[in-house]
Every structure is written in structure tokens, then in C-alpha cells.
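Working notes, beginning with the structure itself.
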Amino acid sequence: MTKPLRIGVAGLGTVGVGVVKILAARRDFLAAAAGRSIDLVAVSARDPKKDRGVDLSNVRWEDDARKIASADDIDVVVELIGGAEGVARELVETALANGKHVVTANKALIANHGISLARRAEQHGVALNYEAAVAGGIPIIKALREGLAANEITSVIGILNGTCNYILTEMEATGRDFGEVLKDAQALGYAEADPSFDVGGIDAAHKLAILASLAFGREVDFDSVHVEGIEKITATDIKFAREFGYKIKLLAIATKTADGIEQRVHPALVPEGSPLAAVSGVFNAVAVRGDRVGLLILEGRGAGEGPTASAVLSDLVDIARGLVMPPFIVPTSHLKKPEKAGIDRVQGAYYLRFLAVDRAGSMADITRALAEASVSIERIVQRGERKEGDTGRMPVVFVTHKTDESSMRQALAHLEKHQEVAGTPLVIRIEEGESR
Ligand code: NAP
Ligand code: HSE
């Protein structure tokens, strides 16, 4: 066997501890698979006294994670701290500049700085691997880089945030409150340090921007992703969706169009019985359409200790085997510049929920406002009992026929000014999703 691959792990939280556990538990198998042992030489985190439930007695502790990037006895820096800036970015930049391979699970870093980091990795002939950054345990980066290299990819549609999918699934199954279920997701180690990145759709947008770059051979273009989160989805919406034959999912969609690349993350109603509707709990799924392979759907756990650490280890084994590939499949000099296609041209049906004044004629006024924007209505549901002393406002749900995004926006502008409507209407796109 050749000499060991010496690694330093910065960050010993959910993912870091998972990596340490697998390195210990599968040491012999990994050494046989890689042709050399993978030795944990140094670790770093904020609190040296915290009991992390793993044996680190033979491993050097560094108070300053950045020292790992300069240590002579480290070949690979494994960055598991998180965040697009600060220590994580400094650590990765220094490691690459010092000719060390980098493995990271940090989608914020790759979505914001992936191309400049990849250039640095290429200049120094080292690997920058980030399988764990997208869709947890699903080997989607490997699939795009290796298994699907023969294909021209036309679309990528995914459920890319485990926390949101867990919240939506639990709310539907148990009727529990959004905030309460989010706390569970945090306790299970699914959520980001700042969970607003999860529920606000930003985490899924980071992942989508990375996938879109890999799929379409363009530089990562995170700023062009249209992002909406799940914060405004209520148990009422989930109930209505079910009644209409749909489930609500946070979808991430990237499509190659004649005008450029369209990237969007938003909640959507997807038909019950469609492949994405069946993805529940912390599971993620990615549906990729290629010109040769057709539709390919990968599903697996998208967050948590085991699945994420599993992806980190696959990157380490590749490096131990001597595989150093361009981080974005092709060298950065071959990547095309970003070209954004806005979402105005998107066509689809919509679910609209708002509070309407409960009086004769109000519904007619609202439907007229929609008609003025050329939005036609497929279904209207009004629910709720008027109680003495209440404001007389009832939740009303409209499902529209297929229309375009710009007409829908025009309709919303009309509705928001309308006296019959209290507050801003909630709008959820209806996506028919991928069919086999
Ligand atoms: P976490 O549980 O919050 O752990 C973060 C770790 O970083 C902690 O050990 C913390 O130290 C350490 N840390 C924070 N600031 C530091 C600093 N300045 N110097 C050294 N160490 C520092 O986070 P995580 O869930 O493991 O996530 C780590 C990364 O993986 C993030 O980029 C995240 O987006 C990504 N990721 C997470 C998951 C998941 O399911 N959790 C899945 C995919 C990707 P202390 O422990 O001492 O506080
Ligand atoms: N917070 C992320 C999620 C972790 O819930 O999907 C996995 O990237």
C-alpha cells in the first residue's frame, strides 16, 4: 500500500462527528477500497472541551482551524464549519493555495465562490470535492460528472432541502405547527446554523445553482435564482392542496431555455401520485432529464449525520485513489458565462389563498379583477363559519387555469389594491412535475 492520506477535519458538529465515526468504523474497508489508509491527523472546532461522543485522544487539536490549511502533515482539509465567508472561506482558500486537496459540505461557499475556488484548485493541481454540499447522501455530483457525462442535460428538478421537506411532511401527517416541527428538524441536525436559510429557500437555491452549473456547463449563478420559501404555508394550505389532489413541496427547478438558464426555488403543488409527491420526511430527490438517458430520478436522505458524512467519505476515497478532476466537470476555462432566463415566461396554473370580505357580490368583484388580467379560474372554494364579532373575512382559495407568470403578477397587483381582499394573497405555483 502507498503512504496514508492524511486529513484534517475543521468543524466537529453534525457532519464532522459523522465523518470521524465512519473513518473509525470502516477504516480497514476504506483502506482496501482506496489502496491506502485514510488517517485523521488533526481536528478543530470552537469548543475544545465539548464531549462529542467520539474518541479523539490520538488526534491533534488545533484551536485555530486555519492552521490545518498550512500544516505540513496534512494532505486534505475537510471543511465542515459552514458559511460563505469567514473562517470557512479563508481555510479553503489557504488550503488550495498551499497545494492541499479540499473536501467540503459547504453549499453556501461553493454557490458563492465555487468558480474562483475551482480556478485555484486547478492552478495547484488539487481536488475541490463537494458531494455532500448537494442533496446529502445522494451521489448527484458523481452522477452528473461521471454517469451522465454523455448527455446534454435539459432540466434538473429537485427537492433539495431536507428541513423543508421534513416540515411539510410532518405538518401534513400530524397537523403540527410550523415552528414546533422546525425545532425537531434542528434537534435532528438537519437545519443550517441559521434555519432561515432552510425555510427561506436560500439553502435549496445554493444547491440548485451548483447543480445548474454542473448540468449546463456554465459558471455558478446563484444571484439569478428566483427564491421563495415555505414560511407562509399553513396547515390550511396543506389541507386544501390534499383536497385538490396535490402535495406541497419546496421545489428547485433549473431549465435550459432558448433565452438562457431559468433557475427557481419555490413551494409548489405537485400531483399526488407523481414521483416528487412521494418524497417525504428528510428525503431529497433529484430528477435529471438528459437527451440520451431520458429521465433519471435519484432519491435519498438529504440531511443529517450519516447521509452527509457518507458523501464526504466518498470524496475522500476518490482523492485517496488519486482521482483529481476539475471541480465543475470541465476546466473552469471551458465553462460558459451565466445567462439568466427570467421566470416571467413560465407558464402554469396557480393556487391562490386570501381573506375576502364575506358579503354579497365580493366574489364577483374578485373574479372580475382576475379576469381583467386574463387569468381564468378553474375552481373556487370558500370555507369557514362566520362567527359573531369576527371581521367577516373568510379564507378563499382559487385554482387558476394555466396562465403565464406575468399575467398572474398583474392579477395580484389588482387584488392587493382590492377592498374585498385583506392582506397579501398567498400564491403557490402548481407544477405537474416530471412524468416518466
Ligand atoms: P454544525 O453542527 O453547526 O457544526 C459546525 C461545526 O463548526 C461545530 O463543530 C463548530 O464548533 C465548528 N465551528 C464553528 N465556527 C468555527 C470556527 N470559527 N473555527 C472552527 N470551528 C468552528 O454544522 P453541520 O450541520 O455539521 O454543518 C457543517 C457544514 O455541512 C455546513 O456547511 C452545512 O451547510 C453542511 N451540511 C450540513 C448538513 C446537515 O445535515 N447538517 C448536510 C449537508 C451539508 P463547536 O462544535 O465547538 O461549536
Ligand atoms: N439544512 C440542509 C437541509 C442540510 O435541510 O437540507 C443538508 O444540506
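Bear in mind these aren't lab numbers, they're just calculated from the coordinates by the rules spelled out. A quick note: this is a predicted structure, and the numbers were derived from the prediction, not measured. No Cβ is skipped: glycine too gets one built from the backbone with ideal geometry, and neighbour counts run over all protein chains shown.
Across the chain the C-alpha pair distances fall into 20 Å bins from zero in the proportions 25, 51, 21, 4, 0 percent.
Taking a straight line from the alpha carbon of Lys340, these lysines sit under 20 Å away, with near neighbours fewer than eight places off in the same chain left out: Lys207, Lys256. Dipole check for the range 140-301: with +1 at the C-beta of Lys and Arg, -1 at the C-beta of Asp and Glu, and the Cα centre as origin, the magnitude is about 460 Debye. By the compact-protein rule of thumb, 2.2 N^0.38 Å, the alpha-carbon radius of gyration of the range 327-436 corresponds to a ratio of 1.46.
Here's the list of lysines a cross-link from Lys3 could span, going by alpha-carbon distance under 27 Å and ignoring same-chain residues fewer than 8 apart: Lys21, Lys67, Lys100, Lys142. Peptides 422-435, 107-120, 330-343 ordered by packing proxy, namely the average of other Cβ atoms within 10 Å per residue, highest first: 107-120, 422-435, 330-343. With the charge dipole of the chain set up from +1 on Lys and Arg Cβ and -1 on Asp and Glu Cβ about the Cα centre, the Cα lying farthest toward the positive end among the listed residues Ala209, Leu323, Asn106 is that of Leu323. In the range 38-121, one over the average inverse separation of all distinct C-alpha pairs is 13.3 Å, which is the Kirkwood hydrodynamic radius. If only the Cβ of Lys and Arg carry +1 and only the Cβ of Asp and Glu carry -1, the dipole of the range 1-155 around its Cα centre is close to 180 debye.
Since only Tyr246, Ile230, Ala285 are under comparison, the one whose Cα sits farthest along the positive direction of the charge dipole of the chain, derived from C-beta charges on Lys, Arg, Asp and Glu, is Ala285.
For the range 140-301, list log₁₀ I(q)/I(0) at each q in 0.09, 0.11, 0.12, 0.21 Å⁻¹, using the Debye formula over Cα point scatterers of equal strength and ignoring solvent, two decimals each. Values returned for q = 0.09, 0.11, 0.12, 0.21 Å⁻¹ are -0.29, -0.43, -0.51, -1.36.
Summing Cβ point charges (Lys, Arg +1; Asp, Glu -1) relative to the Cα centre of the range 247-320 gives a dipole of roughly 240 debye. Evaluated at q = 0.18, 0.23 Å⁻¹, the base-10 log of the normalised Debye intensity for the range 119-172, with identical point scatterers placed on the Cα atoms, takes the values -0.81, -1.00.
Taken over the range 230-329, the alpha-carbon convex hull comes to 163 cubic angstrom per residue.
Protection proxy ranking, highest mean first, for peptides 285-297, 49-61: 285-297, 49-61, where packing is the per-residue count of other beta-carbon atoms within 10 Å, averaged. Beyond 17 Å, what percent of the Cα pairs of the range 181-234 remain? Counting pairs separated by more than 17 Å, the tail of P(r) holds 45 percent. Over the chain, what is the percentage of antiparallel beta bridges among all DSSP beta bridges, to the nearest 5? That works out to approximately 70 percent antiparallel. Ranking Trp61, Val43, Pro4 by how far each Cα lies toward the positive end of the dipole of the range 1-102 (charges on Cβ) leaves Pro4 at the top. Structural size metrics of the range 85-188, computed from C-alpha coordinates, are Rg and Dmax of 17.6, 53 Å.
Using the average count of surrounding beta-carbon atoms within 10 Å as a protection proxy, the listed peptides 95-106, 226-237 rank, highest first, as 95-106, 226-237. Translational diffusion of the range 17-61 was estimated from the Stokes-Einstein equation, with Rh taken as the Kirkwood radius over Cα pairs; at 20 °C and 1.002 mPa s the coefficient is 185 µm²/s.
Bridgeable lysines around Lys417 (alpha carbons under 27 Å apart, same-chain partners fewer than 8 residues away excluded): Lys232, Lys387, Lys402.
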